[in-house]
Structure formats: structure tokens, C-alpha cells
Amino acid sequence: MNSSDKYIVIVVGGPAGCGKTTVGTQLASKFQSPFIEGDSLHSKENIDKMAHNIPLTDQDRFPWLKEVSKKSCEEALTSKNKISIVTCSMLKRQYRELIIDTYKHNFNSGQGYNIEFIFLFLYTDYESLVKRVTARKGHYMKQDMVKSQYDIMELVDPITENGIALYVENKTPDQVLQEALSKLKEKFNLNPAFQIPTASASC
């Protein structure tokens, strides 16, 4: 790894039931990059709260968001193509800013690594999310939790944020993947065949 190189973390986000894990694993396969399931980084306390239909507070989420940022950076820095893919609901703009700030504090200001975060925010209608979550078996996220996430959801602003908002209703997983790849190429000149060059710009 070289601090003069450019690295990329693609954060696949959105509320429960939007298809983050499906799209995230597909992108990781396309880019041949490491994949991190953000939910696996939640503390036991957070998981217990959600399993009991208790919405997480910002104070519950902040340590988790920092861990998501650090883990995804570590994976990008050791990836052969300098890219990592991570899932994270990142429901609020404040959460996305914290992810970037954590990177800057831990990997940029001290070590000088240039890591760009690209936020791919998946979303759909509330009723569809409820149906998707209800159909899942063995997951700690319950139907009642969907509303608490939907109510605080702030879509990525493609003009003022480094990301994309992608509406996924009535689209197959492959259609969502292809649209995501198209938008990543269009906005960030990023595609599975792309070799990331050395760059000085940072997110």
C-alpha cells in the first residue's frame, strides 16, 4: 500500500429491505473486491435492541458508523484493486459525514491515505420495505423497525454529496446492479475494468 495512491470505498446504503446485501455482494464480485456486511459490525447491545423492536438512537449508531468506516478503509488499503464494498444503512447525511470524518481522522490526517467514499443509496416505498422485511426469516430486524428507519431517511444528494440515490422498486436485483454500475461509470468513471490511478484529490 502507498499513501500516494487513491483508494475507493463504495458504501451501499438504504433502509432495511432495500437490497443492500444483494447489491453489495454483486458489486464486490464484479470489482473482485472485499465485501463487508455492515450489520455484522453492530454491537451485541445494538442487535439486542433491534431484536426487541427498540429503535437505535444516534448515540447507538455513532460507534458502529465509526467501525464501518475504519473496517472498510482497512479492507480497501489491502485490496489488490484498491476498492472495498461495505453495506451500511447510512440513513442520515450526518451519518455519512461521520463515516468520512472518521476516515480523515484515522487514515488521512495522520497516515496520509487518500480514500474516496462513494455512497450508493438504495430506496423504495415504505409498503414495499415492509413486505420485504416481513418475508425475511431469521433476521433481527422486525417490521416495526422499518418505520423508524424510513422516518429518518435522508436520500443522498447527488449534487452536494459524493454519491447516488437509486430507486429500486419493481426492478430485479440484476437490473439494480446494472443501473448502479452504469451510474458509477457515468458519475465516477468507475467500472470493473477501471484501474484506479494515483491521485491527489480526496473526498
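Quick note: the coordinates plus some simple rules give every number you see, no bench work behind them. This structure is a prediction, so every number in the text was calculated from the model and none was measured. Counting neighbours? That spans all protein chains shown, and the Cβs are built from the backbone with ideal geometry, glycine included.
In plain terms, the chain from E169 to R93 could stretch by 25.1 nm, reckoned as 0.36 nm per residue minus the Cα-Cα distance. In sequence order, the range 174-184 has phi-based couplings of 5, 5, 5, 4, 5, 5, 4, 4, 4, 6, 5 Hz under the Karplus curve 6.51 cos²θ - 1.76 cosθ + 1.60, θ = phi - 60°, and Gly or Pro positions carry x. The range 6-188 gives an Rg/Rh value of 0.94, both radii derived from C-alpha positions and Rh following Kirkwood.
Applying the criteria of a DSSP loop state and at most 11 other Cβ atoms within 10 Å to the GluC sites (Glu not before Pro) of the range 88-134 yields no site.
Each Cα pair under 8 Å and six or more residues apart adds its separation to the average, and for the chain the resulting relative contact order is 34 percent. Within the shell of other residues whose beta carbon sits under 14 angstrom from the beta carbon of K66, the net charge comes to -1, with Lys and Arg scored +1 and Asp and Glu -1. Result for the chain in a Gaussian network model with C-alpha springs under 10 Å: among T124, T172, T78, the largest mean-square fluctuation is at T172. Its Cα centre serving as origin, the chain has a Cβ charge dipole (Lys and Arg +1, Asp and Glu -1) of approximately 360 debye. In the chain, helical runs assigned H by DSSP with n ≥ 4 each contribute -39500 (n - 2.57); averaged across all residues and rounded to the nearest 500, the mean residue ellipticity at 222 nm is -13500 deg cm²/dmol.
Amide H contacts of F117 (H built 1.01 Å from N, in plane; Pro and chain starts excluded): V9, C203 sit under 5 Å, all sequence-distant by 5 or more or on other chains.
Local charge for I83 was computed over the other residues whose Cβ lies under 15 Å away, with Lys and Arg +1 and Asp and Glu -1, and equals +2.
Comparing G19, G38, G112 in a Gaussian network model of the chain where C-alpha atoms under 10 Å apart are linked, the largest mean-square fluctuation is found at G112.
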